[in-house]
Each structure stands twice: as structure tokens, then as C-alpha cells.
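The values are calculated or read from the model by the stated rules, or taken from the named source; none is laboratory data. Everything numeric here is computed off the predicted structure, so don't read it as measured data. Cβ sites come from the backbone with ideal geometry, for glycine too, and all protein chains shown count toward neighbours. These area figures cover heavy atoms from the full protein model, side chains too; ligands, DNA and RNA do not enter into them. Shrake-Rupley method; radii C 1.70, N 1.55, O 1.52, S 1.80 Å.
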Amino acid sequence: MASSLSASSTAPSDSGHHDTAGQPVLPSPLKVHGRDWRRMTQALCLGSFVVFINLYVVQPMLPLLATDLGLSSLQASLSLSVTTLTLALALLVFGPLSDALGRRRLLLWTLAGGVACSGLALLAEGFWSLLAVRALQGFLLGGLPAVAVAYMSDEMEQPALMAAVGLYISANSLGGISGRVAGGVVAEHWGWQMSFAVIGGISLLLLAALWQLLPRQRRFVAQPFHPASMLAGLGRHLRNPRLWPVFLLGGLNFFIFVNLYSYMTFRLSAAPWSLGSQWLGLLFLTYLAGTFGASQSGRLAQRLAAGRGQALAQGAQRQEEQDGAQRRAQALTMMLGTALLILGTLVTLSHSLIGMLAGLSLNAFGFFLAHATASAWVGRNAEGARASASALYLTAYYLGASLGGFWLEPFWQQAGWPGVVVGGVSVLLVTLGLAMLCWRRATPQH
């Protein structure tokens, strides 16, 4: 196996052309709005949708699970937390593996396994068997997010990558919305087990379409898979001063954002609102603001960079200065997204249902604006082994989702929703500082 991987490392997966020095001659990267760019973007958006409808189907059902199975709020939340935790661990496995074995095959087969787990959830008898199935499902669903941004980074030029990542992150939020809304409505009328059947059936149809759409790899160059070199690559990413602040930023933002929604379901299921699962599922329609925020992230960063580029063009502009302007624009976009996330969290202190929905919508816009920009930042600033860098970012991201409930639970128990807001904002101020650090490191020092 090692020798075959080593041999394949000298050529792109779908090209046998080499120059006179024996180096692989790669096809030109995909341009934005070209046919293959559209097919790849559509396919990865479908895959992202499938991952997130399965991942978040349980979130509006948390109060129902707590009632049906006699669980505390923290125990019920484990049905989501264990899935995000195993997904985070899977990223550390599948990301480096895809650097050696390729992106497409790994992505397709792990996603198929994750969809099959929705069928297994129907057979779950009791809370612990459900947790076991959800843990396995999270691990398998980790295949697509581990490689998707690296797949696009391999195949697309920079403007096309920024546009595609924004759309891909938008599909994340659409999948999360759809899974939560459908899960809540079905659980309210037919029970939580039937929610898994409905989501599994939808996922199977989308998986078939994805399989047909996703283009073959054209520019991928395999790297030999050696555990020591893999660990060295991960260590190199962790030491990269442009990467580790963004790993923390993504993880801590999600640490708060997704768990705010979990505690909001408990807040609104109690008096005076007393909402059922189907209405709690509709709460996640506020994610549509996040869909818009993610889709605009690349455009906003490009506009900010273009403004800086006009100033630079008056002199002898260098490529390094252009890259610096783009990095500063991305850092400013992450700062803006995190600031909006803080503001939205404060707005949720309102006792009006409309005020709470407005705060959550602002939260979603700011969070996904920052997240989409951070994802593109990692792909741009990684020094080799892009999938490993993307996997590290997403590992921090999903670890945040799985651990945030443990941070917020004491605040909830002691002070209710105002306590949750205090616990959330205290962490988000740290992530705002991390975004500022990224801006400073992208700004030349004179």
C-alpha cells in the first residue's frame, strides 16, 4: 500500500501528462460559473445538505426526547453532541486520508454510510442505543466536510473557490434548517423515530443525484500516507500563525451559536410559550439569514479587497500586496460576522417572541458570514495538505458544538436565559479578539 501511494504521489489522479522534468502538468483550474464549476458546486452543496439534515434532525426534538425518555436537558442534548463529537474526530482521519487516497471516492462512500445510519436509528431501543447509532452516523458524515473545501481548493482558481465556498456553507445552513423543521413536524405527529425514516428517504434520493453530478478529480496530486508525516503536517498547520487563530475562532463561535438554539428550545417549550416540537422546528427558519450571510461572504471580502487594491494600484503593485489586501478583507469580514453574532445574542434577551426571532436571525447572519470566510481563509493559507488543514478547522468547529452545552448548562441552571447570554457573550468577545489578531497579522508592519 505504501509503495502504491508513493507512486501515485507524482501524478494527478486523472492526468498522465508530465513536463520534460517529469513533473505533472495539471489542467487549468476551474473558473467561476463554468460548466464543471457549476457541477462540482451543485454536487458538494447537495452533499452538504444531506450531511446537515441528518446531523441536526434531533435538535427540535430535544424537549420531546427529555419527556419521553425521562432525561435532563443536558442528557437530551447528548443526542446532538455525541454526533458532532464523532464527526469532529472523523475529520482528523478522513482529511489526511484524502490527501493520500483522493477526495471523491472517500466522500461518496462515507456519505452513503451516514445515510444508512438513519435506517439504523429506527431500530434503536432506548436512549443508549440511539446514542450509539448517532455516534456512528456522526463519524461517517464527517467524510464530506473533511474533504469538500480541499476538493474545491484543488480544482478551482481563487475567485471561483471563494464563490463556491460561500454557496457550500449556504447549503450547510439550508440542510440544518430542513432537518430541524422536518424533524420537528414529523416528531410532533408521528414520533421521533419516524423523523429518522423521513430524513433517511430524502437523503437517499439526494445521494443518487450527487453521485451523478460530482466531476472526477482533475488536479489532485496524491501525497504518500505515512502517520509520521501526517502528524508533522498537522503540527505544521497548528504552528502556522495565520491558521491557529482561525481554528479557535471557528470552534468558539460554534461552541456558542449552535448551543444557543438548543437552550432556546427549552426556553420556548416552557411557560408562557409552551411550544411543541413542530413549532420549535420552525424556530430554525432563522437560519435562512445565515444562508444569505454565507452566500455574501465571498462577495463582501472581494469588495473590501478591491477597495484596497485600487489604492495599491497607484504604485508598483506586487502580488504579495494583493494577497495581503485580500487577507485583510477576509479578516475584517470575520470581525464583522462575530460582532453581529454578539449583537444578536444580546437581542435575544427580549421577552417578545418576535424580538427573540430577530436576535436569532442576526446571530445566524453573523455566524455564517464569519464561518464561510474562515473556511476560505484556511484553504487559502494552508501550506500544503489542504484537506488536513480544513480537517483541523472543522475538528475545532465541531468540538465546539459538542462541548458548548457543558459550558452553558451551569449558566442555564443558575440564571435561565440571561445566564446563557452572559456565558455566550463572554466567549464571543474572545473570538472577536482572534479575528482582530488575524487582521493584524495580515497587515504589514512598518
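Tell me the per residue accessible area of the range 317-446 using a 1.4 Å probe; a whole number in Å² is fine.
39 Å²
Obtain the radius of gyration and the Kirkwood radius of the range 338-445 from its C-alpha atoms and give Rg over Rh.
My calculation puts Rg/Rh at 1.04.
Could you list which residues have their amide H under 5 Å from that of Met156, counting only those 5 or more apart in sequence or on another chain, with H placed in the peptide plane?
Result for Met156 returns Leu30.
Using mean Cβ contacts within 10 Å as the protection proxy, how do 218-229, 89-100 order, highest first?
Listed from highest to lowest mean packing, they are 89-100, 218-229.
How many Å² of accessible area per residue for the range 222-263, probe 1.4 Å?
38 Å²
If you build the convex hull over the alpha carbons only and average its shadow over all orientations, what do you get for the range 149-198? Give it in nm² to one decimal.
If I average the Cα hull's projected area over directions, I get 4.1 nm².
Just round it to a whole percent: the fraction of Cα-Cα distances in the range 174-238 exceeding 13 Å.
75 percent
Residues with beta-carbon under 11 Å from that of Leu161, excluding Leu161: net charge, scoring Lys, Arg +1 and Asp, Glu -1?
Taking every other residue near Leu161 into account, the sum is 0.
Over the Cα atoms of the range 71-129, how large are the radius of gyration and the largest Cα-Cα distance (Dmax), in Å?
In Å, with Rg to one decimal and Dmax whole: 14.5, 43.
Only Cα pairs within less than 10 Å get springs; with that Gaussian network setup on the chain, which residue of Phe406, Phe247, Phe49 has the largest fluctuation?
Answer for the Gaussian network model of the chain: Phe406.
Starting at the first residue of the range 347-363, write each ³J(HN,Hα) from the Karplus equation 6.51 cos²θ - 1.76 cosθ + 1.60 with θ = phi - 60°, in whole Hz, x for Gly and Pro.
Calculated HN-Hα couplings, in order: 5, 5, 5, 4, 8, 7, 4, 5, x, 5, 5, 5, x, 5, 5, 5, 4 Hz.
If you wrap a convex hull around the alpha carbons of the chain, what volume per residue comes out, as a whole number of Å³?
146 Å³
Which far-off residues, 5 or more places away or on another chain, put their amide H under 5 Å from the one on Gln223, with H placed in the peptide plane?
Ala100
What does the range 29-133 give for Rg and for Dmax, in Å, if only its C-alpha atoms count?
17.1, 54
Quick check on packing: order 270-283, 71-84 by the mean number of other C-beta atoms within 10 Å, highest mean leading.
Highest mean packing first, the order is 71-84, 270-283.
Looking at the range 66-206 from every direction and averaging, what is the projected area of its Cα convex hull in nm²?
Seen from a random direction, the Cα hull of the range 66-206 projects 8.9 nm² on average.
Ignoring solvent entirely, what values of log10 I(q)/I(0) come out of the Debye formula for the range 119-269 at 0.14, 0.18 Å⁻¹ when each Cα is a single scatterer?
-1.04, -1.43
Tell me the net charge near Leu30. Cut-off is 11 Å between Cβ atoms, Leu30 excluded, with +1 for each Lys or Arg and -1 for each Asp or Glu.
After counting each charged neighbour, the total is +2.
Given a 10 angstrom Cα cut-off, can you work out which residue in Leu252, Leu205, Leu341 is the most mobile in a GNM of the chain?
Leu205
Taking all protein chains in place and a 1.4 Å probe, what share, in percent, of the accessible surface of the chain do carbon and sulfur account for?
65 percent
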